[in-house]
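To start, the structure under review is shown below, and the notes come after it.
The values are calculated or read from the model by the stated rules, or taken from the named source; none is laboratory data. As the structure is a computational prediction, the values presented were derived from the model and not from experiment. Cβ placement follows ideal geometry from the backbone for every residue including glycine, while neighbour counts extend to all protein chains displayed.
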């Protein structure tokens, strides 16, 4: 061998990159603001979360219209309380979730979801009438109660209009919670109370879809319109001076918001929190550059994907950007 192997090992370099990788100094008195600020210099997904915090702060400072999209498992988990906090305090301005997101929010005003296990025996749970979402147990009694909630609600909706639109349908669900026990824990209630649009897509999915099916059998002329929700979303997008999107998970809520934002060449600020992989070609897995290609997000650096399970990342984002 004629080549000196040390030349391969000790190759010269230039200083590429910006900023110093450094974590929080726990030897000093704890400062929560500096702790959150340290994320951006930590590396890996902490740096992305740090960038998300900075973007969310800019959204608030510049008073942009914030669209918050989230999947139903957010309501299943304790993230529901973070959503309620944002809606109650008018820190977000437009909500899009799935049917499960709304119905589970409502069900929790009646009864709690309980700690369970990812490894629980599904057949055993079925015999005991317990539904499992991840490591969360949901006794079927909660859905039995939900039927007692939905049946009179649908009858009242039918008397009011045989052809309500989906926006009014969800708004009336929030109104229906008024005065009930624990109603102030519900983001559906606070969206109604604070006149914040809440879209539930697709409305005919989940337990609400079950009740619509049975009600339709008894009332064939009952129809729920879907066009109004698209009009409301698109009008809000077009009339906003500046826009920001915070998207937890993928699915329809993410796409519904981002598709509407194409009408104005994309969101000014965008934060994605999910664990989707780009390789699968899914909506959740799409990275910020893919969104730019569609015109869903502006072609600048005011967007970030935090590749993290949301129950870890989202409370930190709320604490750092909406609470401090």
For residue 263, only one of the following conditions fails: (1) surrounded by 15 or more Cβ atoms within 10 Å (Cβ to Cβ); (2) more than 19 Å from the chain's Cα centre (by Cα). What is its number? (1)
For residues that are more than 20 Å from residue 84 (Cβ to Cβ) and without any contact (Cβ under 8 Å) to a residue 12 or more places away in the chain, scanning just the range 177-219, find the one that is farthest from the chain's Cα centre (by Cα). 218
Pairs needed: first member in the range 159-176, on the phi > 0 side of the Ramachandran plot; second member anywhere, crowded, with 18+ Cβ neighbours inside 10 Å and assigned to a helix (DSSP H, G or I); C-beta distance under 7 Å; at least 6 residues apart or different chains. none
Which of the helices (runs of 4 or more DSSP H) contained wholly in the range 1-68 include at least 1 residues that are farther than 15 Å from residue 320 by Cα, in contact (Cβ under 8 Å) with a residue 24 or more places away in the chain and under 22 Å from the mean Cα position of the chain (by Cα)? 44-61
I'm trying to understand the selection: among the residues of the range 284-307, which are over 16 Å from residue 246 (Cβ atoms) and touching a helix residue (DSSP H, G or I) at 6+ places or on another chain (Cβ under 6 Å)? 285, 287, 295, 299
Is there a residue being at pLDDT below 95, within 26 Å of residue 302 (Cα to Cα) and out of contact with any helix residue (DSSP H, G or I) (no Cβ under 7 Å at 6 or more places or on another chain) anywhere in the range 44-51? no
For the range 109-205, which helices (runs of 4 or more DSSP H) that fit wholly inside it have 1 or more residues that are at pLDDT 95 or above, over 30 Å from residue 236 (Cα atoms) and in contact with a helix residue (DSSP H, G or I) (Cβ under 7 Å, 6 or more places away or on another chain)? 141-160
